[in-house]
1. Highest mean first, what order results for 65-77, 23-35 on Cβ atoms within 10 Å?
2. Give, in nm to one decimal, the length gained when the segment between GLN12 and ARG55 is fully stretched (0.36 nm per residue of separation minus the Cα-Cα distance).
Amino acid sequence: MTYALTLDTPWQPLMEALLRQRFEPLFLEVIDESGQHAGHAGASDRGMNTHFRVRIAAAQFENLSRVQRHRLVYDSLQEFLDNGLHALAIEFR
């Protein structure tokens with residue numbers, strides 16, 4: 001899936017839709033924490049789209065190592081990383 005990503009449009013709903021489509025999660029939260037990182041490396045002047053936390057539970061993650069699970073999520077969100085996503089915290093439930 002390709003998005004026309006701009007720093008002026010919130011990415012949270014796009015990231016959530018993509019992760020729902022990709023993993024069909026039992027639980028999913030995508031939280032934009034960018035505003036908490038104002039003045040830090042990679043933070044934008046707009047206070048959004050640079051620092052996210054993903055909390056997710058999905059059957060696809062069963063029997064995978066932590067590294068394998070992280071890689072699947074990072075690979076799914078690569079387009080966002082390529083366009084300014086600076087930090088991504090992932091919590092598996």
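1. Numbers: 65-77: 13.8, 23-35: 15.4.
My ranking of the peptides, most packed first, is 23-35, 65-77.
2. Numbers: separation 43, 0.36 × 43 = 15.48 nm, distance 1.26 nm.
Going from the current span to full extension adds 14.2 nm.
We did not get these values from a lab; they are worked out from the coordinates using the rules stated. Here the structure is a predicted model, which is why all the values come from computation and not from measurement. No Cβ is skipped: glycine too gets one built from the backbone with ideal geometry, and neighbour counts run over all protein chains shown.
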